[in-house]
Every structure is written in C-alpha cells, then in structure tokens.
Amino acid sequence: MKLKETAFTVRAERAILFRVMLSGDRGEGEAPLEELRRLAKTAGANVVHTIVQKRPHIDPVYYIGKGKAAELSQISKDFGADVLICDDDLTPAQVRNLEKVIEKKVVDRSELILDIFATRAKTFQAKLQVELAQLEYTRPRLKRMWTHLSRIEGGIGTRGPGEKQLEVDKRIVLRKIHELRRKLHEIEKRQERLVASRKEFFTVSIVGYTNAGKSTLMNALTKIDTFVEDKLFATLDTKTSICKLENGKKVLVSDTVGFIRKLPHHLVSSFKATLEEARHADLLLHVADISSPLVQKQVEAVNTVLKELGCGNQPTIMVFNKIDALKDLSVVPLLQSYYRDGIMLSAKTSQGIEDLKRKIREMLEERFIDVELTCSPASGRLIAYLHEHAHILNSRFEDLRVTFRMLMDERLIQKLWMLDDTIQIKEISDSP
C-alpha cells in the first residue's frame, strides 16, 4: 500500500473555491476566500472561480446542501475545473457525497495545507512530521481513497475469511502511525537535549502567522541568509543563529514554522519536535503583518496555537512587521493601545530593528542580578566569558586581584566556578 506522493495534488489544476458563511458570521476585513486563494496559489492551482453560500447551518450530508452541490457540478463543467477546494474541513461522508454529485475531486482546507507542507518539507524530521500528519488525516478517509474495498482477504495471518481489504489497510496505516510517532519521539528527546544545551545563552524564538515576515526578520536580526519567499509556509524547519546586541551581548534566535487560521490539529501535534525551540525559549517574538486587514484575527489564531503548545504564558514581544507596506496609518495607534510594548518595524528595510534589539536586551537584563566577582587577572577564559555573558558595570584592581561589578543571569553564575574555582562572588542588594 502506498499513500499519495509528497507533491501537490492540485498542482497546475483549475480550481474552484467554495465555503459556507453562517448567518452569524461577521465580515472578516477581506474577501471571504482570499486566504484560501493564497493557499491554492501556493499549491500551484489556478483559481478560476469562487463561491460563497450563506446558510443558517452547515448541511451534515453535503456541507452546502444538495441543491447547491448540483449547481456546483454545473459550474465546474462550465469553468472546466479539475478540483473543488473547500475553506473548511469536511467529513469523509461529505467529501464522498459531494464527489458523487459533482463528479470532480473535492479537497478540504486541511488536505490542501498538508499537500503544501509535504512539498515544503526538506529535512528528514520535517518529512516524518508531514507523513504522520497525512496518515492521521487519511486514516478515517480510507473508504474514499482505496478502490479495492470489495476484495476479501483470508488465510493464515488474518482474522479469517470475510475481512475486507479496508480493515487490512487500516491496520497497516495504524502500524505506520505508531512507527512514525516512535521515531518522532526519539527526535523530540534529542531536540530537548539540544535546547537544554543552549541554556547558557538567552534564547529567542520567532513565531507568527504564515507569511508575516518571520524569515525576513530572522535575516535582519542575525545577518544570515535564510530562505525567504512570498508564499505561505515558506519555512518548515527551525533555523537558529546568533544575534549580536549592544555591548557585544549575544542571544540565540530561532525561526519557526508559520501558523494559520484553522491549522489542522494533526500538524500541530506532529510538529511539536520542530516547535521545541518555541516551547523552551526565554522570549518569543510574535510577528504579525500590520498591513493585513486581518492582523488582529491572525494574532488571535497564533495565540490559540501557542496555548495548545504550552507557550501561552511565555514572555513575548509583539512585533508588527511590514510597516513600510501599510497604507492606512490609523491602525498604528489602535494597535499601540492594545499592545503597549509592541514594536512597529519593517524587517525588509530594517526600520525599527534597533528598537527591537534594544527591547530584547532590556528583557534579557530583567533576569540579571547584581553581583561583585573577584578573580585573578590571569583567568583569561573566565574574564572572556564575563564579557560575553554579563553586563560589566565597572572593574577595579586590588592586591593582584580584579573585582568586577556586573549584572548577570542567575542561571549562568553557577558555571563560573567551573571556569575558575578560586573566584569570590557577592550579591549586591541595591542595584545602581
């Protein structure tokens, strides 16, 4: 048995987008299917038509109702469509019923996102995560996807005559899911050890809605050349690099996969290893596209996923990116009233980057305690470590010893004795 290849199922196909708007739905600030259009474009589809149906409730059998399904069938013939893409998740029965009426392939939002992830995945870890998410999605939909359901499997090694091939396939998928979960659990453990090994550095993780400019911000902060593309989910794998702050201080910055409204739950659970950096970061940079009319809804969507990952209470700086692309400046004071410590910047032009670095340094130094350390001037490794990890306020020489007055992260102070066990450290109660 073989699942579909990890390539877009809608590549180069003519697509019709559709969704139901319930009577209680409010306006979203942009065309109702605009985000789905961008997803379809990322997947390589050519969108030829869109349909929005207003209903008091979702039809449990056809999602849009049998009459509208028949209308969709005719529209798809008129436009020569190859695939119809729904902006919501459909039940296996709804997909099956729609495909029977329309006689075209029907793809829901989760399947479309999974296809995009499958093509974007480059590393072994990302490919495992996507495959697991695909299998979790596929498992309840086997009846639709397998065509050999009428075959009977019997004999040694099965439960006996009468078992349909569907049951055999379900067991194969279940075994594969368990195997992938085992491999990803091992990767997650290694990732936890890797993250723990970086604890002598202050760690910053960039999170946010897909296409908010996270990778561009990563480039601006670290001066590395991270892949940037104006498409959804351009980054799937976590990348980590050093950002230099004022006075030579360094922090580790990690870029992460973007979130999206109605992100498939299977993807969130499968990508926990990749998101380990965010779960254990000292600080989150929550990047939002200030030029998007849905910026507040996108912030809420990211916060929902962060809570699901256990990151809801971590120290966070709101970063409103793409200020250079903002046409209506009236949104700035409104967002500033909601997010008083938010930073307005353009990662593309570097406008506001120094303000962000200054804010990161302030939050770094909030964890510092005021101490005096006395050591030998010949302790080169120790003194170099202090200059890299502490904020030295002053120093003085007395009796062939040097004393530093400094601010330093309490977690790192214990390591100083490993570098020189002759040092003396005294905490100062009143900071200057």
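Taking R0 as 60 Å, what FRET efficiency do you get between residue 421 and residue 358 from their Cβ-Cβ distance, rounded to the nearest 0.05?
The calculated FRET efficiency here is 0.95.
Once the Cβ-Cβ distance between residue 402 and residue 369 is put in as r, and R0 is 22 Å, what FRET efficiency do you end up with, to the nearest 0.05?
It comes out at approximately 0.65.
Given a 1.4 Å probe and every protein chain left where it sits, what share in percent of the accessible area of region 15-94 is carbon and sulfur? Let's see the in-between values first.
Values: 1840 of 3600 Å².
The nonpolar share, carbon plus sulfur, comes to 51 percent.
So, with a 1.4 angstrom probe, what is the percent of accessible area on region 274-401 that is carbon and sulfur?
48 percent
Enumerate the amide H contacts of residue 51 below 5 Å, restricted to partners 5 or more residues apart or on another chain; note that Pro and chain-start residues carry no placed amide H.
17, 18, 19
If you add up the charges near residue 303, with Lys and Arg at +1 and Asp and Glu at -1, over every other residue whose beta carbon is less than 14 angstrom from its beta carbon, what do you get?
+1
Using the per-residue mean of other Cβ atoms lying within 10 Å as a proxy for protection, in what order, highest first, do the peptides 409-421, 62-74, 38-50 fall?
Ranked by mean Cβ neighbours within 10 Å, highest first: 38-50, 62-74, 409-421.
For residue 372, tell me the accessible area in Å² from a 1.4 Å probe, rounded to the nearest 10.
Looks like 40 Å² after rounding.
Hey, which lysines would be in cross-link range of residue 170, C-alpha to C-alpha under 18 Å, not counting anything within fewer than 8 residues on its own chain?
Hits, sequence-local ones excluded: 2, 4, 143.
Tell me the per residue accessible area of region 272-357 using a 1.4 Å probe; a whole number in Å² is fine.
That works out to 46 Å² per residue.
Quick one: of 66/104; 105/127; 214/357; 54/322, which pairs are farther than 27 Å apart, Cα to Cα? Write down the numbers at each step before the final one.
Numbers: 66/104 15 Å; 105/127 25 Å; 214/357 15 Å; 54/322 34 Å.
Violating the 27 Å limit, Cα to Cα: 54/322.
The values are calculated or read from the model by the stated rules, or taken from the named source; none is laboratory data. Everything numeric in this text was worked out from a predicted model, so none of it was measured. Here the Cβ is made from the backbone with ideal geometry for all residues, glycine too, and neighbour counts use every protein chain on show. Just so you know, the surface numbers come from the protein's heavy atoms only, side chains and all, with ligands and any DNA or RNA stripped out. Shrake-Rupley method; radii C 1.70, N 1.55, O 1.52, S 1.80 Å.
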